[in-house]
Structure formats: C-alpha cells, structure tokens
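Student: Let me begin by handing over the structure; questions about it come next.
Bear in mind that the values in this text are calculations on the coordinates, not laboratory data. The shown structure was predicted, so the numbers you read here are calculated from the model rather than taken from an experiment. Don't worry about glycine lacking a Cβ; one is built from the backbone with ideal geometry, like all the others, and counts go over all protein chains shown.
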Amino acid sequence: KQEVTQIPAALSVPEGENLVLNCSFTDSAIYNLQWFRQDPGKGLTSLLLIQSSQREQTSGRLNASLDKSSGRSTLYIAASQPGDSATYLCAVPTSGSARQLTFGSGTQLTVLP
Amino acid sequence: DTGVSQNPRHKITKRGQNVTFRCDPISEHNRLYWYRQTLGQGPEFLTYFQNEAQLEKSRLLSDRFSAERPKGSFSTLEIQRTEQGDSAMYLCASSSARLAGDRTDTQYFGPGTRLTVL
C-alpha cells in the first residue's frame, strides 16, 4: 500500500531564504510524482509533475527532484516570498491503481516579511 | 475562466439530508476525479471517470455516495442520509489523456465544495 509522508508538517522562514520541502513514499514503482500548492480554504494548484524517467523539473523559483530508488522527492524554493505562504502537497499514484493519487498531509509554509 | 468549477462552494445541511454537488471540468478533458479532504490532511481519492465510464471507486465511497458523469462532461456527486463524518471539502479534478493508457497527465483541481453536516 502506498503511503506518503511529508516533513516538516509546518515551516516558518524569513523572506528571501531558500528552503527545501521533503516528501517520501513507500512504493517506489511510480511513474510520476506531482507537487501541489493549496491556499487556505481553496483547491489545489499543480506546481510540477516529474515523470519517473526524470530526476528534476524546474519552474521559475521552484525545483523538484525525484529519487525513485530511495522513495524521495524534494521541492526547493529559491528566494522565498510572503506570497509563497501556503500548504505544499506531494502526490504519487496509488499502488495497484491506474489513476488514483495518494497525497501526503502537506507542509504548511509561512514566509515572514 | 476555463478552469475546473464546482458548485456550490459551501453547503450546510442537517444530518440525514441528501446533498448533491456539481463539477464542471476543463473543456474537453476526458478524465474526471473526485477527492475528499478533511482538515489538516491531504485529499483522499473517491472515484474516477474516463468520459462517462466510472472506472475506479475507493472503498471510502460507501453505498450512500454515488457519482455520475452522464454525458462525459460535468459530473455530480450525491451523498444520501448525510452523517457528521461526511463534513469535509469535496474536490473535483480533471485531466486530458491523449491515449487510453496515458499516465503522464496532470490533474487540475477545482476550488472545492465545503460540506458541513450539523
């Protein structure tokens, strides 16, 4: 059964700092991994999708890496801004399913001005 | 706006009542998903449609829950005889797959419907 863990559960940093969010998953037989952002009371916004054949994906100040063999992914945010404050969720395909995603509980990020 | 839309955004109901939520996916997206999210947790998968066919259902989807996508466009999620434990955010997502076995598609989420059962 696929399980996804995100550490830390909450993180508070001063503006301008670079930071790393961690995601680990138990079943490494995945074909992709997604990172999402969720603002309070809102839906999810897809940030990056990494295919299993890739090791990194970049979008602006965001860089996501994937190490399938160790069951880990990281989301690196450069030069953080107060507008980056949100909950960040990672998701991988559920074991034995074609389309289900299993999500972590998220990391709640606060960037202080 | 061409994103995923959900209605209503908020629903307050009394225990035992039936509720129905609607999801309009991104135009021409052939895949549609329903998830449920409780406070402090990530979303949990409920069900998935490819066009009008409901291909996967989670064990979370008890017999009080039913979802439809009659014409392969919008979808409805109905909860009968609501219980307080049904209080959650119900999220809909859609994606576009060029081929039936495509596993590279990104899921795009709507704003959700927040259900409160009193």
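Student: Among A:GLN100, A:ASN63, A:ALA79, pick out the residue whose Cα is farthest towards the positive end of the charge dipole of chain A, where Lys and Arg carry +1 and Asp and Glu carry -1 on C-beta, about the Cα centre.
Tutor: A:GLN100
Student: For the range B:29-72, give the magnitude of the charge dipole about the Cα centre (Cβ charges: +1 Lys/Arg, -1 Asp/Glu; no others), in debye to the nearest 20.
Tutor: 40
Student: Putting +1 on Lys and Arg Cβ atoms and -1 on Asp and Glu Cβ atoms, find which of B:ASN18, B:SER58, A:TRP35 reaches farthest to the positive end of the dipole of the protein assembly as shown.
Tutor: B:ASN18
Student: For chain A, report the convex hull volume of the alpha-carbon atoms normalised per residue, in Å³, without decimals.
Tutor: 92
Student: Run through the DSSP bridge list for chain A and note the antiparallel percent, rounded to the nearest 5.
Tutor: Counting DSSP beta bridges with both partners in chain A, the antiparallel share is about 90 percent.
Student: Take the Cα gyration tensor of the protein assembly as shown, multiply each eigenvalue by 5, square-root it, and list the three semi-axes largest first, rounded to whole angstrom.
Tutor: Result for the protein assembly as shown: semi-axes of 29, 21, 16 Å.
Student: Suppose we keep just the alpha-carbon trace of the range A:53-113; what are its Rg and Dmax in angstrom?
Tutor: Cα only, the range A:53-113: 13.6, 44 Å (Rg, Dmax).
Student: How big is the charge dipole of chain B about its Cα centre, in debye rounded to the nearest 20, if each Lys and Arg gets +1 on its Cβ and each Asp and Glu gets -1 on its Cβ?
Tutor: So the magnitude is around 340 debye.
Student: While we're on this one: So what does the Cα-only Debye profile of chain B read at q = 0.11, 0.13 Å⁻¹, as log10 I(q)/I(0), no solvent term?
Tutor: For chain B at q = 0.11, 0.13 Å⁻¹, log10 I(q)/I(0) is -0.33, -0.46.
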